[in-house]
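No value in this document is a laboratory result; all are computed from the given coordinates. Bear in mind the structure is a predicted one, so any value in this text is a computation, not a measurement. Reconstructed Cβ throughout: ideal geometry from the backbone, glycine too, with neighbour counts over all protein chains shown.
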């Protein structure tokens, strides 16, 4: 595991200019992809140029959540039919994304060296991008570990359900075995209230510190909201369909925390976004 982690870091290079955040979970159904999409939209509103990579290769759904029908996906790049630039597509609020494809055998069955080379090209992409969000698959497979180790840091998503917490712990344990220094955050999703989220995060951080010797950064919470389900069914992210909802405010707080920006009320008007870019927030916000 150590050798694989070392080789990946060498392949990624020491001069990576773009911040790469992977979003992962120990099990499916915890809202990981929805968080990736809404977080990207929120960061874009804050002046950051964001690219989402749907890194659940062969089982992708980011384009579905964005409500965008796409023909182009990563398989076109692997076959040499398109360049990376040509498969990048535009979503809400200026967010760019690359589809991981759905039901594509060559993506599902990528060889380890193919995936490593692909990830290296993506994180060093020559494009006007400040930050890449990689929506990884759920679980602890070697493919998922490669995606996570290619990132600058990983956000582990869990709910308050015991099975979700246990699977998230198993994920962290596996990451630590590959690379004990990899920065990790935990985000509590679908929580009934702030107290429940606090309990989940505090307990998780304590257990990881005690049993794995790993410091985990508690990132915050996204409350359970029926509007989330409605937004997913409508294929319109909640930060777009309801920009003044509690969930949208929570995404704003989390995005600002990640970007190390003051947590303050955000205006979602076009004019405010133009001013933020004019003031150079897009570079200063991500610290690159």
So what's the Cα pair-distance distribution over the range 36-92, bin width 10 Å, in %? 22, 52, 24, 3
Debye calculation, C-alpha points only, no solvent: report log10 I(q)/I(0) for the range 72-126 at q = 0.16, 0.19, 0.27 Å⁻¹, in the same order as the q values. -0.49, -0.68, -1.23
Ranked list, fewest to most other Cβ atoms within 10 Å of each Cβ, for 43, 261, 65, 134: 261, 65, 134, 43
Over all distinct Cα pairs, what is the inverse of the mean 1/r for the range 58-171, reported as the Kirkwood hydrodynamic radius in Å? 15.4
Whole-Å distance linking the alpha carbon centroid of the range 29-47 with that of the range 125-195 is 14
Hey, any idea what the orientation-averaged projected area of the convex hull of the range 121-205's Cα atoms comes to, in nm²? 6.5
Kindly rank 169-176, 201-208, 139-146 from highest to lowest mean number of other beta carbons found within 10 Å of each residue. 169-176, 139-146, 201-208
